[in-house]
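Q: The following block contains the structure, expressed as structure tokens.
The values are calculated or read from the model by the stated rules, or taken from the named source; none is laboratory data. All of these numbers come straight from a predicted model, not from anything done at the bench. Methodologically, a virtual Cβ is constructed for each residue, glycine included, from the backbone with ideal geometry; neighbour enumeration extends over all protein chains shown. These area figures cover heavy atoms from the full protein model, side chains too; ligands, DNA and RNA do not enter into them. Shrake-Rupley method; radii C 1.70, N 1.55, O 1.52, S 1.80 Å.
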Amino acid sequence: MSQLPSQPTDSNNGATTDVTPVVALKELVARLHREQNKIQDLLSSLGFALRSFNNLNQFLELIPLMATRVTDGDGSALFLYKPNGQVRLEQLHWQDSGQRRNIRKALETATSQITLLQNSAPLTTATGILDDQMHRYLGPDVQIFGTAILVKHTERGWLYVLSRDPEYSWTETRQKLVRLVADQTAVAIENDELAVELRKKERLDQELEIGAEIQRRLLPRQCPSIPGAALAARCKPANRVGGDYYDFIATNQNQINLNNQNGLETGSWGLVIGDVMGKGVPAGLIMTMMRGMLRGEVLHGNSPSRILQNLNRVMYADLENSHRFVTLFYSEYNPYTRILSYSNAAHNPPLWWHAATKTVTRLDTLGMLIGLDANSQYEDAQAQLEPGDTIIYYTDGLTDAAAAGGDRFDEENFVASFSAACRYCDGPEEIVDYLFDQVQQFIGDEKQNTDDMTLVVLQIE
């Protein structure tokens, strides 16, 4: 505290008065109060700027000014580390405009020397080097005091206060004030980085939504009308973009009979279901690529096994590079003979409900995953369907669905649920609804399944 002035003597009677010390004390208290208000106003303004500025550079321009004002220094310098570890003079404030240029030049020279001296040294050594270089290039007349800028416990730069006053001291109050300004700087840097990440996420979300929309459009919008048969299908991705795939493919381009008065699409139809190992965008991209290639192969008129073989050879190189594989079951149904021809590439075998015996069998053939071996061979098989028979194609997202306790729905439960659905449900659409409801009840009404789930039901009328 400043020393109080000596009591003055009354010139008329030589007596001293006791008013002057009180006045001096009041002036001292008032000055301290003004200083306190000034600091509060400056920090309040800094907080307002932190909340209001969307541009990080605009906010950083204020930092050296604020640090100088709250500490009564001659100037302040803000240094930030570049991503490569180099030190950069980000902002400088100096009260004397005539000296500012020389101070800046000295600081920039100091930081350039740090880059040369530090080279590939760890970032933690930069602080000591920075102090040494600043003392060297600013000279002994300039006192420097600094504090680190920490973002998530990582040193991202330094804030220095500079003074030419030889009586200037780095008091505890000044240390706290500069740390406070440095902390505000760290918050601004972190907020800016979070905003950048948020914008990236928003762009990614938009791209994912576009990808999901494209994928939804690539899946059949509706099931085809096949004489003597009824179809239903549903795909429920775990994420917006999934790796499950199903399709209904006309086996030749001329099979839609425009003169058919009932509007039924005649000829054989390819019914296919597949699952790309993995989820999300990569699986969705592979699924999209596979869809186009498969549709081209179907038009060549080959058998199901030959179609899978050709598809595997074409896709092998791309799938090998991506370290992903595809399970695929391809079948063709002839509505006039009621024969289902099929071949399997390691997919979950579809289930066949025999209406006459009320039993369930599996449709399966030997065959490896698409993309596992370029020379894989596949087998053909046929099933003679009868009125009332039902075929269900599915992906393992249903059988692998897990309850809160970790138990799986498993294939046994799925077969039992399918049998019950065939007995009591009226049509393929009700069967699909029933099976999805059973799985959802098993995992919990509020829980989202972690894998894509797809069902296709073919029922002979």
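Q: Tell me the relative contact order for the range 128-199 as a rounded percent, counting alpha carbon contacts under 8 Å between residues six or more apart.
A: On the way: 60 pairs, mean separation 20.5, N = 72.
Normalised by residue count, the contact order of the range 128-199 is 28 percent.
Q: At a Förster radius of 25 Å, what calculated FRET efficiency corresponds to the Cβ-Cβ distance of residue 203 and residue 61, to the nearest 0.05?
A: 0.30
Q: Among residues other than residue 342 whose Cβ falls under 12 Å from its Cβ, what is the net charge (Lys/Arg +1, Asp/Glu -1)? Present the calculation step by step, with values, prior to reporting the outcome.
A: On the way: positive: 362; negative: 332, 364, 379, 380.
Here the count lands on -3.
Q: Let me ask something else about it. For residue 295 and residue 153 in one chain, what is 0.36 nm times their gap in residues minus the Cα-Cα distance, to one decimal in nm?
A: This chain segment gains 45.6 nm when fully extended.
Q: Further, regarding this structure: So what's Rg/Rh here for the range 293-409, counting alpha carbon atoms and using the Kirkwood radius for Rh?
A: 1.03
Q: Here is a further query. What is the distance in Å between the Cα centroid of the range 270-312 and that of the range 382-461?
A: What the calculation gives is 23 Å, centre to centre.
Q: Evaluate E = 1/(1 + (r/R0)^6) for residue 222 and residue 320, where r is the Cβ-Cβ distance and R0 equals 30 Å; express this FRET efficiency to the nearest 0.05.
A: FRET efficiency, residue 222 to residue 320: 0.25.
Q: Multiply the residue separation of residue 354 and residue 105 by 0.36 nm, subtract the distance between their alpha-carbon atoms, and state the gained length in nm to one decimal.
A: On the way: separation 249, 0.36 × 249 = 89.64 nm, distance 8.90 nm.
So the extension gain works out to 80.7 nm.
Q: May I pose another question? Counting pairs of alpha carbon atoms under 8 Å apart in space and at least six apart in sequence, what relative contact order in percent does the range 364-439 give?
A: 18
Q: The range 307-361: which trypsin sites (Lys or Arg not before Pro) are DSSP loop and have at most 11 other beta-carbon atoms within 10 angstrom?
A: Hits after loop and neighbour filter: 358.
Q: Too long at a 22 Å Cα-Cα cut-off: which of 200/447; 152/200; 82/176; 236/447?
A: Check vs 22 Å cut-off fails for 200/447; 82/176.
Q: How much net charge surrounds residue 411 when only the other residues with a Cβ under 14 Å from the Cβ of residue 411 are counted, with Lys and Arg +1 and Asp and Glu -1? Provide the component values of the computation, followed by the final result.
A: Details: positive: 362, 408; negative: 364, 396, 400, 407, 410, 412.
Here the charged neighbours net out to -4.
Q: How many angstrom separate the Cα center of the range 130-194 from the Cα center of the range 330-352?
A: Using only Cα atoms, the two centres lie 74 Å from each other.
Q: In addition: So what is the diffusion coefficient of the range 415-461 in µm² per second by Stokes-Einstein at 20 °C and 1.002 mPa s, using a Kirkwood Rh over Cα pairs?
A: So the translational diffusion coefficient is about 186 µm²/s.
Q: Okay, moving on. Counting other Cβ atoms within 10 Å of each Cβ, which GluC sites (Glu not before Pro) in the range 146-250 have at most 12 and sit in a DSSP loop?
A: Within the range 146-250, the qualifying GluC sites (Glu not before Pro) (loop, at most 12 other Cβ atoms within 10 Å) are 167.
Q: I would also like to ask the following. For the range 153-203, what % of the accessible area comes from carbon and sulfur atoms, probe 1.4 Å?
A: Its accessible area is 50 percent carbon and sulfur atoms.
Q: Per the 1.4 Å probe, what fraction of the accessible area of the range 286-422, in percent, lies on carbon and sulfur atoms?
A: Carbon-and-sulfur percentage of accessible area, whole number: 48.
Q: Let me ask something else about it. The range 310-405: which chymotrypsin sites (Phe, Trp or Tyr not before Pro) are DSSP loop and have at most 16 other beta-carbon atoms within 10 angstrom? List each step's numbers first, then the result.
A: Values: sites: 316, 325, 329, 330, 333, 336, 342, 352, 353, 378, 393, 394; in loops: 325, 336, 378.
Qualifying residues, ordered by number: 336.
Q: Please report the base-10 log of the normalised intensity I(q)/I(0) for the range 353-398, using a Debye sum with one equal scatterer per alpha carbon and no solvent, at each q in 0.21 (1/Å).
A: -0.88
Q: Per residue, how much accessible surface does the range 306-400 expose to a 1.4 Å probe? Answer in Å², no decimals.
A: About 41 Å² of surface per residue is accessible.
Q: If you take every residue apart from residue 198 with its C-beta less than 13 Å away from the C-beta of residue 198, what net charge results, scoring Lys and Arg +1 and Asp and Glu -1?
A: After counting each charged neighbour, the total is -2.
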